[in-house]
Amino acid sequence: MASKNDYEITKRGDTGITRRGLFRWSGAAVGSTLLAGSGIGRAIADTSKTLTIGNIGWVEDVALSHLTKVILEDHFGYQVNVVSKSVDDLFAGVADGSIDTFQDVWLPQTHKPYWQEYGDQIQRLAPWYQGRATLGLTVPDYVQAKSISDLTPYGEQFDHKIVGVEPGAGETRIIKNDVMPGYNLDDYTYEAGSTQHMLKKLDQAISEREPIVVALYRPHWAFNVYNLRYLNDPKNLISNLNDRLYTIVRKGLSSDTPEAYALLESINLSPSQLGQLELAIQSADGPTQGVRNWLAGDRAFGSNKSVNKQLVEPWINAARAAAKK
């Protein structure tokens, strides 16, 4: 039974996790010092095989970078460092070669300015996510407001505040530069901070059934756990941003580390697969352990060992084939 401080949440599906578990790794800075954990048949690390993965701290990026880390370390003997940076620093790092890859690039809209600046200095792979990535001002389903236009008459309910994410995020730029002026939200402030802070504020508001509007995006596990909806956007200032999710790599990676490049090129996840992986990570003692739980078939998150093994096997085989060439 959950303790008083570890109470169960009201959720769409039975995820078997508590509020406390949800916020361990959501939007947190994930460094390179995380332990790889234990496992059977793991490859011995080859110090000549290293890979630096840039990470922005968004939940889908934490999930994908640590899935990549586990596969490369377990099957190919790599030493993989996951380093947290701002979006600008991630693009710049891949461009100058100090970062090998960044796996959470939103195009053609959200990261457009960074692509325009660095696109000719890096390589972009095919989309790895089968769905579309979207942005939106998001509210719990019990909130009266239906549209972004309603934020003005309901301003007092929301304390004239939009709870946002990181200051350098593409969504922050779009909301502050386009959405707020476009809907004349002059009396609102955008509370930029961190994804972690936003999620905690959202969780607190829902537990007390209080109105709140936050900057959120899909894919994100929060839509699977809480009853949320985007506010309608009649002016199409943010709802028309249907991006694909890409991986970018430094030039020369395919020849320097062919198996790592082939793995990055092969990864492909559906919305449900990514959602299950994200939730497994939220409840685990670290992202690496969450990935291992998911691969092992943690049924609390809809994971199935045979299905997940079948999913990743072609990626591993492609990397092995590349290493033999």
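Couple of notes before you dig in:
- Solvent exposure, largest accessible area first (probe 1.4 Å, DNA, RNA and ligands not counted), of Trp294, Trp115: Trp115, Trp294
- Solvent-accessible area of Glu210, all protein chains in place: 90 Å² (probe radius 1.4 Å, heavy atoms, ligands and nucleic acids excluded).
- The distance between label points at Gln204 and Lys235 comes to 3.0 nm (points 7 Å beyond Cα on the Cα→Cβ vector).
- Taking each of Lys49/Lys324; Lys49/Lys325; Lys112/Lys201; Lys201/Lys235 in turn, the alpha-carbon distance tops 19 angstrom for Lys112/Lys201; Lys201/Lys235.
- Residue order for Tyr190, Tyr226, Tyr154 - accessible surface, 1.4 angstrom probe, largest first: Tyr154, Tyr190, Tyr226
- The average projected area of the range 186-252, computed from the convex hull of its Cα atoms over all directions, is 7.3 nm².
- Computed from phi, the 3J(HN,Hα) profile of the range 263-276 under the Karplus parametrisation 6.51, -1.76, 1.60 (θ = phi - 60°) reads 5, 4, 6, 8, 4, 8, 10, 7, x, 5, 5, 5, x, 5 Hz, with x in place of Gly and Pro.
- Among the GluC sites (Glu not before Pro) found in the range 137-225, those both in a DSSP coil and sparsely packed, with 15 or fewer other Cβ atoms within 10 Å of their Cβ, are Glu156, Glu208.
- Charge context of Pro127, other residues only, Cβ under 11 angstrom, K/R +1, D/E -1: +2
The values are calculated or read from the model by the stated rules, or taken from the named source; none is laboratory data. Because the structure is predicted, anything quoted here is derived from the model rather than measured. When we count neighbours, we look across all protein chains shown, and the Cβ atoms used for this are built from the backbone with ideal geometry, even at glycine. Keep in mind that these areas ignore ligands, DNA and RNA; they rest on the heavy atoms of the full protein, side chains included. Shrake-Rupley method; radii C 1.70, N 1.55, O 1.52, S 1.80 Å.
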